[in-house]
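Data first, discussion second: the structure below is written as structure tokens.
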Amino acid sequence: MMFGSTLDEKESFAVMDHALENGIDFFDTAEVYPVPPLAKWVNRTEEIVGKWLRGKDRDSILLATKVVGPAHGWFAPPVRGGKAALDRHNIRTALEGSLRRLQTDYVDLYQTHWPDHDFGYEETLQTLTELQEEGKIRVIGSSNETEWGTMKANQVAKEQGLARYETIQNNFSINNRRFEDALADICRREQISLLPYSPIGGGVLSGKYNGGALPDGARFSDYLKTGGARQREMATRFVNEKSLATTGELMKLADELSIDVVTLAVAWSKQHDFVASTIIGANSIEQLKPSLAAADLKLSEETLGRIDAISQQFPYPMG
């Protein structure tokens, strides 16, 4: 989601090449990327990924993207005149645009970037089912969905014989364990896979904000220094006293284990029975390396217990 804003095309290619060379075959993007979602560079991430895909074995790569919904006053998505929705017209228009930019005739996973509970799920799922039958998408998923929305969508799919959300992409990290409260049980019982994003808490779990630091070029540094009210509110949710205290304790644990704290956080994120694949991000190859080191790492029960104890000491750092 940084390709086209903090990373240019050449840098983005280098990160994706390094990931692919190290066994990463699942790439996730969105029509509204890169972040922050500004009109001046909207769609650039898909364009960069599409150029990178040229010459690659398309069938060897699992490609995911997303369609934005209405933001209900949160912000105006800089697509389709700010009037995005999850109706037939918007979904079809969004997918055609994504396919064109990604230079492919299908995506493996197509996700609703956030829900529109006021609209209902019937037309949304009908449209996604049609696109699946046309071969333009293989599997559908949700993102930033709620417990109610997940079950409601599942009910509509069952009652009307429509494709259902097979995945859910929500924020999930040691700093944000709310998914475990109810959605984890829903995923287990309904056989829906979580694709957690921000496994290192938006970079907070790397420790770079500890000690009051606001490193240059870091997303939440920019949000806190020059961002608008919405961006400052988001940054404060990620960077706060409890999240930094949690990070400090995890850094001590990682030191004892002789691993990077990022490796610890990513390994924890993927080590759940309801998780299919953890989504990592990086602004450079160097940032990518500690996340890749988590691929074959399985944390011991003792380590998992110590992480649980830290979470109990600082419950719900992100609210």
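The values are calculated or read from the model by the stated rules, or taken from the named source; none is laboratory data. These numbers were taken from a predicted model, which means no experiment stands behind them. No Cβ is skipped: glycine too gets one built from the backbone with ideal geometry, and neighbour counts run over all protein chains shown.
Residue count for segment 45-64 satisfying the condition of being surrounded by fewer than 23 Cβ atoms within 10 Å (Cβ to Cβ) and either out of contact with any Phe, Trp or Tyr (no Cβ under 8 Å at 6 or more places or on another chain) or over 21 Å from Thr112 (Cβ atoms) (or both): 13. Of everything in segment 269-287 that is more than 20 Å from Arg188 (Cβ to Cβ) and of a type in the set (S, T, N, Q), the residue that is surrounded by the fewest Cβ atoms within 10 Å (Cβ to Cβ) is Ser284.
Selection within segment 218-261: residues that are at negative phi and outside any helix (DSSP H, G or I). The member of this set that is surrounded by the fewest Cβ atoms within 10 Å (Cβ to Cβ) is Gly228. Of all residues in segment 257-270, those that are under 14 Å from Lys208 (Cα atoms) and at pLDDT 95 or above have Cβ atoms under 6 Å from Cβ atoms of residues that are part of a loop (DSSP other than H, G, I, E, B) and among the small types (Gly, Ala, Ser), 6 or more apart or on another chain, in Val261/Gly207.
Specify which of the listed residues (Asp116, Asp105) is over 16 Å from Leu62 (Cα atoms) and in a loop (DSSP other than H, G, I, E, B). Spell out the reasoning first.
Numbers: Asp105 fails: over 16 Å from Leu62 (Cα atoms).
Testing whether each residue is over 16 Å from Leu62 (Cα atoms) and in a loop (DSSP other than H, G, I, E, B) leaves just Asp116.
Pairing residues of segment 65-79 that are surrounded by fewer than 18 Cβ atoms within 10 Å (Cβ to Cβ) with residues that are outside any loop (DSSP other than H, G, I, E, B) and not hydroxyl-bearing (Ser, Thr, Tyr), at Cβ distances under 8 Å and at least 6 apart in sequence or on separate chains, gives Trp74/Arg230; Phe75/Arg230; Ala76/Gly82.
Number of residues in segment 1-34 that are within 24 Å of Thr167 (Cβ to Cβ) and surrounded by fewer than 17 Cβ atoms within 10 Å (Cβ to Cβ): the value is 5.
Within segment 288-312, residues that are surrounded by 12 or more Cβ atoms within 10 Å (Cβ to Cβ) have Cβ atoms under 6 Å from residues that are at pLDDT below 95 in these pairs: Leu288/Ala282, counting only partners at least 6 apart in sequence or on another chain.
Could you please find all residues in segment 172-196 being assigned to a strand (DSSP E or B) and either touching a strand residue (DSSP E or B) at 6+ places or on another chain (Cβ under 6 Å) or surrounded by fewer than 16 Cβ atoms within 10 Å (Cβ to Cβ) (or both)?
Within segment 172-196, the first condition is being assigned to a strand (DSSP E or B), and the residues that meet it are 173, 176, 193-194.
Those that are assigned to a strand (DSSP E or B) and either touching a strand residue (DSSP E or B) at 6+ places or on another chain (Cβ under 6 Å) or surrounded by fewer than 16 Cβ atoms within 10 Å (Cβ to Cβ) (or both): Ser193, Leu194.
Would you confirm whether any residue within segment 92-104 is crowded, with 19+ Cβ neighbours inside 10 Å and either farther than 30 Å from Asn22 by Cα or free of Cβ contacts under 8 Å to residues at least 24 places away in the same chain (or both)? Checking segment 92-104: at least one residue is crowded, with 19+ Cβ neighbours inside 10 Å and either farther than 30 Å from Asn22 by Cα or free of Cβ contacts under 8 Å to residues at least 24 places away in the same chain (or both). Within segment 61-75, does at least one residue satisfy the condition of being part of a helix (DSSP H, G or I), at pLDDT below 95 and closer than 30 Å to Glu122 by Cα? No. The sole residue among Leu162, Leu128 that is at pLDDT 95 or above and under 18 Å from Thr29 (Cβ atoms) is Leu128.
Quick check on Val107: is it more than 27 Å from Lys10 (Cβ to Cβ), at pLDDT 95 or above, buried (at least 19 other Cβ atoms within 10 Å of the Cβ) and in contact with a strand residue (DSSP E or B) (Cβ under 7 Å, 6 or more places away or on another chain)?
Details: more than 27 Å from Lys10 (Cβ to Cβ): no; at pLDDT 95 or above: yes; buried (at least 19 other Cβ atoms within 10 Å of the Cβ): yes; in contact with a strand residue (DSSP E or B) (Cβ under 7 Å, 6 or more places away or on another chain): yes.
No: the conditions fail for Val107.
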